[in-house]
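Just so it is clear, none of the values below were taken in a lab; they were calculated from the coordinates. Model, not experiment: these values are computed from the prediction. Heads up, the Cβs are rebuilt from the backbone with ideal geometry, glycines too, and the neighbour counts pull from every protein chain shown.
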Amino acid sequence: MTGAARAAQAIPAIRSVALDRPWIWLAAGWRDMWRRPDLSLGYGVAMFAASWALTACLWVFDSYYLVLPLAAGFLQLGPLLAMGLYEISRRLEANEPVSVGDVLLVRTRAPSQIGFLGLILVLFMLAWIRLATLLFALFFGLGFPPPEQFFHDLFWTWQGLSFLMLGTAVGAALAFAVFAISAVSLPRLMARGGEAIGAALLSVDTVRRNFWPMVLWAFLIALFIAVGIGTLYVGLIVTFPLVGHATWHAYRDLVDDSPD
């Protein structure tokens, strides 16, 4: 077999799915979560604790104005933070044993490429925080008011509501770009290896070919994470593992990876 033929064989086929498939992925993720609730909900508790710790630090250092953009930025880092959940679902699918060590120290086929793609996601989040800060300065000036005035002006004035609407639109555009490059790339790199750029392009093509199902999937992810954050992070104990497990099943449904 020639090198070109081997390369062509290595490119997985992308399946076209129906609009309702995201609900199937969520159902599969829900089953995985309750097959190993100790690991899955423990993962969620870790996200809850980390979110509260970060919020407390921001409050102590008078950087409370970063809470909202960082909460939105959570969507951009979420695919990377869910690696352990992908591993749980992969092992459950393969009928392999899964332990705490397997989740904390995920053995991947392309650690450097996952690190590279993770760096790209971090850069997206930093760009979003910078844009959010610039937008805030555009609407409110360079100074930051005390917390009680800050939240009043943000939610109870036309100026604040206009800032929230524009910021939401900009954040949604960046979040969807991150979603497009990470929808199936990180699970595939973990399970199959390969190169980060190729995996990202595969993910973008998958989103393009299944645009409306993936728009629904992106909306559901945002909704579940928003509910998790909006309940003072308590909801993340359930919603984050659910979305993480479901993301593995989305990858398996969308990408036709033949076995080694």
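This table checks each residue for (1) surrounded by fewer than 18 Cβ atoms within 10 Å (Cβ to Cβ); (2) in contact with a strand residue (DSSP E or B) (Cβ under 7 Å, 6 or more places away or on another chain); (3) under 17 Å from ILE24 (Cα atoms).
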{"site": "LEU201", "(1), (2), (3)": "yes, no, no"}
{"site": "ARG208", "(1), (2), (3)": "yes, no, no"}
{"site": "PHE219", "(1), (2), (3)": "yes, no, yes"}
{"site": "VAL227", "(1), (2), (3)": "yes, no, no"}
{"site": "TYR233", "(1), (2), (3)": "no, no, no"}
{"site": "LEU242", "(1), (2), (3)": "no, no, yes"}
{"site": "ARG252", "(1), (2), (3)": "no, no, yes"}
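Among all residue pairs at least 6 apart or on different chains, which show Cβ distances below 8 Å where the first residue, located in region 96-122, is within 21 Å of GLY194 (Cβ to Cβ) and in contact (Cβ under 8 Å) with a residue 60 or more places away in the chain and the second is among the polar types (S, T, N, Q) and surrounded by 18 or more Cβ atoms within 10 Å (Cβ to Cβ)? Pairs found: ILE114/THR108; LEU117/SER182; LEU117/SER185; LEU121/GLN76; LEU121/SER182. Restricting ASP153, ASP205, ASP253 to those that are more than 24 Å from LEU121 (Cβ to Cβ) and acidic (Asp, Glu) reduces the list to ASP153. Looking at the structure I just gave you, is THR168 β-branched (Val, Ile, Thr) and either touching a Cys at 6+ places or on another chain (Cβ under 8 Å) or not in a helix (DSSP H, G or I) (or both)? Answer is no for this residue. Identify, please: which residue in region 224-238 is assigned to a helix (DSSP H, G or I) and more than 14 Å from the chain's Cα centre (by Cα) and is, among those, farthest from LEU85 (Cα to Cα)? Filtering first and then ranking leaves GLY230.
Please tell me if PHE116 is surrounded by 19 or more Cβ atoms within 10 Å (Cβ to Cβ) and over 20 Å from LEU41 (Cα atoms).
Spelling it out, it is not the case that PHE116 is surrounded by 19 or more Cβ atoms within 10 Å (Cβ to Cβ) and over 20 Å from LEU41 (Cα atoms).
How about region 171-217: which of its residues are in a helix (DSSP H, G or I) and among the β-branched types (Val, Ile, Thr)? Listed by number, the residues that qualify are VAL178, ILE181, ILE197, VAL204, THR206, VAL207, VAL215.
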